[in-house]
1. Do the conditions hold for Thr34, that is, is it of a type in the set (Ser, Thr, Tyr), open to solvent by less than 60 Å² (accessible area, probe 1.4 Å) and touching a residue at least 12 places away in the same chain (Cβ under 8 Å)?
2. What number of residues within the range 15-31 satisfy the criterion of being acidic (Asp, Glu) and surrounded by 14 or more Cβ atoms within 10 Å (Cβ to Cβ)?
3. Being surrounded by fewer than 16 Cβ atoms within 10 Å (Cβ to Cβ) and under 9 Å from the mean Cα position of the chain (by Cα) is the requirement here; does Glu7 meet it?
Amino acid sequence: MYEEESEIIGAHCTLLTPYKGYTEGTIVGDYGNTIVVRLDSGKEVVEYRDEVII
């Protein structure tokens, strides 16, 4: 899995399924089908693109 350059990095997003009560975050990595989201809590989670509203 290699990180891709993407215009969505840095974009605000919302998780469709909350992670421990958190749904809001910022995209910090793009790996094609999956993206890395840094939640407002500081935790980074990997989500499929179709599980996130950008």
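The values are calculated or read from the model by the stated rules, or taken from the named source; none is laboratory data. Owing to the predicted nature of the structure, the values given are computational and were not obtained by experimental measurement. Using ideal geometry, Cβ is built from the backbone for each residue, glycine included, and neighbour counts are taken over all protein chains shown. With ligands, DNA and RNA removed, areas are computed over all heavy atoms of the protein, side chains included. Shrake-Rupley method; radii C 1.70, N 1.55, O 1.52, S 1.80 Å.
1. Values: of a type in the set (Ser, Thr, Tyr): yes; open to solvent by less than 60 Å² (accessible area, probe 1.4 Å): yes; touching a residue at least 12 places away in the same chain (Cβ under 8 Å): yes.
Answer is yes for this residue.
2. Here is the first cut: in the range 15-31, the ones acidic (Asp, Glu) are 24, 30.
When the remaining residues are screened for being surrounded by 14 or more Cβ atoms within 10 Å (Cβ to Cβ), the result is 30.
Number satisfying all stated conditions: 1.
3. Values: surrounded by fewer than 16 Cβ atoms within 10 Å (Cβ to Cβ): yes; under 9 Å from the mean Cα position of the chain (by Cα): no.
Answer is no for this residue.
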